[in-house]
Amino acid sequence: MAAEVKVLLEGFTTADSKNEGEEKTCPTISLVKDKDIVMVADPGVLDDENQLLDALRKAGIKADDVNCVALTHSHIDHYKNAGLFKKAKILEYFGLWDGQKCDDWAEQFSENIRIVKTPGHDSTSLTFFIKTESGIVAICGDVFWKEDFPEEDAYAQDMHELRKSRKLVLENADWVIPGHGKMFKAKK
Ligand SMILES: [Zn+2]
């Protein structure tokens, strides 16, 4: 059976239009269900955490039902709310955290979730490829900020790596959930 992906909160950013110090940002926050895995990808930073808890409640999920929090990269706007989910393991570039213990993760994380390193925006960038009934969905963090992304990422650590990662994501996905915008169709 395929997994389910739902965008809980659509992210935004004004980092590409406002001056430094004035920008506001929130990542796109997603829910992934694959058999017994209840995963929140990029729990984000919010003015009010209840926005996220309410969105989960509408999807029939309580905070303690979430058993995995997956982080696309280690920028705090993407992970600040991870601590809301007391029962969840935390999946990030360096491993899968269970409390104070950290284990390696497998590339094929579950039947329908595959993890691929996609560096460039940040050296800790991961993309989660989710097999769903409507195709492969890539939760890629800031590999793409949004559908009409600026070609040059002013925050990128390595533009050369980032271009390779963008290509990899588009080649392997039907849909892309970007770091700060709505889901879009992968143009081949
Ligand atoms: Zn971001």
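The values are calculated or read from the model by the stated rules, or taken from the named source; none is laboratory data. Just so you know, these numbers come straight off a predicted model, no measurement behind them. We place every Cβ from the backbone using ideal geometry, glycine too, and count neighbours over all the protein chains shown. Please note that ligands, DNA and RNA were not included when accessible areas were found on the heavy atoms of the full protein model with its side chains. Shrake-Rupley method; radii C 1.70, N 1.55, O 1.52, S 1.80 Å.
If the condition is being hydrophobic (A, V, I, L, M, F, W, C) and either free of Cβ contacts under 8 Å to residues at least 60 places away in the same chain or in contact with a Phe, Trp or Tyr (Cβ under 6 Å, 6 or more places away or on another chain) (or both), then the range 2-25 contributes L8, L9.
Just so you know, in the range 53-78 the residues that are part of a helix (DSSP H, G or I) and within 16 Å of the ligand (Cβ to nearest atom) include one that is surrounded by the most Cβ atoms within 10 Å (Cβ to Cβ), and it is H78.
The strands (runs of 3 or more DSSP E) found wholly in the range 107-188 and carrying at least 2 residues that are under 18 Å from I90 (Cα atoms) and either modelled with pLDDT of 95 or more or within 16 Å of the ligand (Cβ to nearest atom) (or both) occupy 108-110, 113-117, 126-132, 135-141. Total residues in the range 146-180 satisfying the condition of being within 17 Å of the chain's Cα centre (by Cα) and of a type in the set (D, E): the figure is 2. Taken as a whole, the range 90-101 holds no residue that is buried (at least 18 other Cβ atoms within 10 Å of the Cβ) and basic (K, R). What about G135, is it open to solvent by less than 50 Å² (accessible area, probe 1.4 Å) and touching a Phe, Trp or Tyr at 6+ places or on another chain (Cβ under 8 Å)? In short, yes. Every condition in (1) surrounded by 14 or more Cβ atoms within 10 Å (Cβ to Cβ); (2) under 18 Å from K6 (Cα atoms) is met by W105 except one, and the failing one is (2).
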